[in-house]
Structures are given as structure tokens and as C-alpha cells.
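Before any comments, here is the structure.
Read the figures in this text as sums done on the coordinates, not as results from a lab. This is a predicted model, so every value here is computed, not measured. Please note: Cβ atoms are built from the backbone with ideal geometry, for glycine as well, and neighbour counts cover all protein chains shown.
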Amino acid sequence: METENYFPKDFLWGASMSAFQSEGAIADDGRKLSVADIRIKKMNQQFHTTDTSTATDFYHRYKEDIKLMAECGLRSFRFSFSWSRIFPDGNGKVNKKGVQFYDNVIDELIKYNIKPIVTLLHFDLPQSLIDQYQGFYSRESIQDFLNYAKFCFNHFGDRIPYWLTINEQDVLANIPFFNGLDNLSQSIQASHHMNIANALTMKLYHSLDLKGKIGPCLSYPTRYPASTDPRDQFLAMNLDDLGIFYLIDTLIYGKYPAYYINHLKSKGIMFKTKKEDSSLLKNVKPDFLAINWYTSEVVGQYLDDSQVDDYQGPELPRQNRSEKGVAQYYKNPYTEYGDYNWNIDGVGLRLALRKIYERYHLPLMITENGLALKEKIDHGKIHDQKRIKYLNQMIQSMSLAIKDGVKLFSYNPWSFTDVLSSSQGMDKRYGLVFIDRTNTDLKVLKRIPKDSFYWYQKCIHENGSI
Ligand code: BG6
């Protein structure tokens, strides 16, 4: 079905990945471990998935992958630097070989006219910073992040048009172990420090004579109230506010909303501040907002204590589950679901784009969006029709959001190649390119473009006319 096309000619069609989920080579050329390496190793021991040691071997195969990106027609590539590859201890001495690797990746992208979009921190804080002072729980992390960012801006800045500060701080605030921490009160304190780090990093970037842009990167699922019961309506709004909007408000307006502070107080959690914090947080002007959007959720009041499953994080199926004392989540009968019970809801994306744009009036970039499937090679090919359906809906919705007036300028679906899932090993595949390995058998890590790769190639070639 052909839809009206509102994409501007210079729209940045891209794709997305992150360091710990693709690079492997975790102990090569001076790199030291990150919290992601430790966390995923533990999960591997418990659930028999795999670890980060090889992932997709992007470290050694970036040229092959970037060549495929060029073949697909990508105009941008969103990836992250591994902080512990550049500063193995998080602070102290810079690792020249790590820097060289990112120089090579950037130059290779530029060779094909693909714009690098770089995330400074994507779930992989250097473990050494946890050992030194408990990472972002401590205030010292702010200066270390700033030094790391400053080095990156000075060294790579002339070649990077878009920087993202911290990937999904909203997730890090709620799931302590993704940031190497143990409990919620630590991660809430850490989130305050990340807010200051974010603010100072953006101010620092804007004080330098560089031509690129910088912004934060948050994740957002569109939330529908389960019924017209006013209490469900309130709950959906409240989860939005406490999930993401309090953070963007703080980053943009430099002040925590009252409802957030009172919510923490009611939970008996409060972060420590210093007198200067409110001025540190003020006067930050992100150039854009980067949004990771995958799915929508149906939420209703928490009803039944007896039906509580053991909720452990957002990676669990988003249907018929509950979060104790907070909410029930329901399956949405109007939308189709992928193999991991995340749904396909293009309208939900349009809704999110409108809501976020009208609230902040900042240009938007989609830095993650995709559907996880279980896949097998079928006579040398991967027929991922459901993913094509998903991408099709998303792209139609983006076009309509642009027609509505949303300033959306880049789309980077997750993920370019299959990558190691942040929590469920290699079987959970999101890629446009299949990586032929399993959790237990690395095989030869052959790259095989899926049907969705060719579909997206055509879509980019037609600038979004699908
Ligand atoms: C996002 C993360 O939250 O979701 C990615 O930024 C992650 O790192 C993606 O891979 C999908 O989640 P998962 O757990 O299925 O890998």
C-alpha cells in the first residue's frame, strides 16, 4: 500500500547498535571490563545464554558491516563508544589503541558518506569506576564522565555531527544493576548525578567551537489506559510522568517536578544534593531529543495481589503481567505481537512523537525502534515478514507525524545487524542483517542480509515512499 510521503529530502535514514552488544574483543588492545560484561556474564551462568566476549565481533568486522550499511543505503549509523576501551579505568590514562579503533570506524563511515551518531554511554560503565567509588552513585563520576566526554569532543568532534550523552537514563534509574548498582536508592542518587553530568556535558559541548549537535536519549513506550475508569486514566499519565517526562523536564528546565520529589518521598527514598546543583542543572539547551521507541502498553490499576508474577524488569513480556502495587499490564487485542510479546503499533509511535514534540518543541531523532523475532536460515535466506510489517507501520506513522508538524529528522531502527540482547542472549534477534551464530556456537559469524534489509534498502532509495 502506497502512502503519502512527507519525509524531507535530507531525512537521515540510518540504523542503530551499541558497543557491548556488538564489539566483542572485551580484553583486547588494552580494554578493561565494563559493568555490562560482568552483568551479562552472570546472566549467562544463570540462564545459559552467552556473554559479551565475542558478540557479533564488530571490533574485527566493522569494515564488512559498514560496507553492508552502505549497500543498504544508510545515511546515518547510531553506535556507542565503549568508555572502558577509551579509558580502561574510566579515568586516568587514555588507551591509544581504543581511540584508534573508533577513529577507524568513524573514517570508514565517512568514506561511505554515512553520518556517525555517537552515544557516549550505553549501559556499559567501566567496572573500574564501580570498584573505585560505586560509579554514578558517587559524585566523583560527574567529573570523570565530563573528562571522558571532553576527550571525545576534542579528539573526534570534527567528524561527529550528532552526539547522544547517556542511553536510556530512565532505564538506569529504575534498574540499578544495568549501571553496576545494587538497589533503587543508589540508582536514584546515581540518576541525580547523571542529570548533572548530562547538563555539564551539553554545556561543555556548546562552549566548544564544534559544528555538531548534542542531546539526551530516553526510551518511551506509549501507554494506553486499560479502561475509561478515571483511575486507569490517571495511572497511565502518572507512569508516563514518572517514567520519562520528569527526566526530560529536569534536563530541559533544570528543575525536578514537584510530583517526582513527592513520589520519592512517599517511597522513603531521597537523593542527596549540594547547594550548587540547581545552578548546575540550569540553562541547558539540548539541540534535539533522541527517543528509543519499540512498543505500546495497556496499563490499568493494580488489582489482585494473588496474581502477581515476579516482575523483574521491562524485558519481560509486556502483556498480562503486573508490577506489584503499581499496575496491571494487558495484552492489546487491536495490535499484533512479535515472538517476544512486544506489539506492532504504528499509531502508538505517531502518538508518542506528537506528544513529545508538542511538549518540548525540540527536533526529534529516533535512535531505536524494532521488532525482536526468533529466526532461522531458510535455504540461505531469512524471511522476516513480521519485521517488514513492523517497519512499514512505523515509517507510515513517522510520515504522518511529520505531516502533523513534528520535526523528526532521523530514523535509526534497532538494529543493523543482529546483536547480543541486553538481557536475553543472541536468540532474540532485531537485525536487518542476520549474524549466523547461536548462544553456544560461534560458527563463522557470517553476515546474511534478511528480507527486511532489502525492503529497507528500497525504502531509503525511495526516501520513505513505501
Ligand atoms: C533498549 C536498549 O532499551 O532496548 C538496547 O537501549 C536493547 O540496548 C534494546 O538491546 C532491546 O532490548 P533487549 O533486552 O531485547 O535487548
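Can you tell me what percent of all Cα-Cα pairs in segment 1-72 are more than 19 Å apart? The share of Cα pairs beyond 19 Å in segment 1-72 comes to 52 percent.
Report D for segment 1-142 in µm² per second (integer): Stokes-Einstein, Kirkwood Rh on Cα pairs, 10 °C, 1.306 mPa s. Answer from the Stokes-Einstein relation: 96 µm²/s. I want the antiparallel fraction of DSSP beta bridges within the chain, as a percent rounded to 5. Here the antiparallel bridges make up roughly 30 percent for the chain. For an R0 of 51 angstrom, estimate the FRET efficiency from the Cβ-Cβ distance between LYS331 and ASN463 and round to the nearest 0.05. That pair, LYS331 with ASN463, gives E of 0.90. Once both labels are positioned 7 Å from their Cα atoms along Cα-to-Cβ, the gap between TYR253 and ARG354 label points is 2.3 nm. Using the empirical formula 2.2 N^0.38 Å as the baseline, the Cα radius of gyration of segment 119-164 reaches a ratio of 1.26. Cross-link check: pairs LYS111/LYS213; LYS42/LYS93; LYS213/LYS274; LYS42/LYS150; LYS331/LYS428 evaluated at a Cα-Cα cut-off of 23 Å; pairs beyond the cut-off: LYS42/LYS93; LYS213/LYS274; LYS42/LYS150. For the chain, the average shadow cast by the Cα convex hull is 21.2 nm², which is a quarter of the hull's surface. Ranked from largest, the principal axis spans of the Cα set of segment 332-466 equal 48, 31, 28 Å.
Our helix-only sum for the chain, with -39,500 (n - 2.57) per DSSP H run of n ≥ 4 divided by its residues, gives a mean residue ellipticity at 222 nm of -12000 deg cm²/dmol.
Only Cα pairs under 8 Å and 6+ residues apart enter the sum, and on that basis the relative contact order of the chain stands at 17 percent. Site pair PHE47 and LYS407 shows an inter-label distance of 4.0 nm when each label is modelled 7 Å from Cα along Cα→Cβ. Contact order for segment 125-269, expressed relative to its length and based on alpha carbon pairs under 8 Å spaced 6+ residues apart, stands at 25 percent.
Highest mean packing first, where packing is the average number of other Cβ atoms within 10 Å per residue, the peptides 66-74, 49-57, 334-342, 225-233 line up as 49-57, 66-74, 334-342, 225-233.
As a calculated quantity, the FRET efficiency between ILE110 and VAL347 at R0 = 30 Å, using C-beta atoms, amounts to about 0.20.
Going from the fewest other Cβ atoms within 10 Å to the most, the residues SER138, SER34, SER191 appear in the order SER138, SER191, SER34. Remark: C-alpha extents of segment 136-193 on the principal axes read 39, 21, 15 Å, sorted largest to smallest.
Dimensions of segment 377-444 along the principal axes, based on C-alpha atoms and rounded to the nearest Å, stand at 48, 27, 17, largest first. By the rule of a C-alpha distance below 17 Å, with chain neighbours fewer than 8 residues away ignored, the aspartates and glutamates paired with LYS374 are GLU315, GLU336, ASP339, ASP384, ASP418, ASP427, ASP436, ASP441, ASP451.
Pairs of C-alpha atoms in segment 111-240 farther apart than 23 Å represent 43 percent of all such pairs.
The ranking of HIS122, HIS461 from fewest to most other beta carbons within 10 Å of each one's beta carbon is HIS461, HIS122.
Distances between every pair of Cα atoms in segment 66-179, grouped in 10 Å steps from 0 to the bin holding the largest one, split as 13, 44, 30, 12, 1 percent. Compared with the alpha-carbon gap, the fully stretched path from ILE269 to ASN154 is longer by 37.6 nm at 0.36 nm per residue. Ordered by the number of other Cβ atoms lying within 10 Å of each residue's own Cβ, fewest first, TYR133, TYR162 fall into the sequence TYR133, TYR162.
Across segment 245-305, Cα pairs under 8 Å and at least six residues apart give a relative contact order of 35 percent.
Highest average first, the peptides 343-355, 163-175 ordered by how many other beta carbon atoms sit within 10 Å of their residues are 163-175, 343-355.
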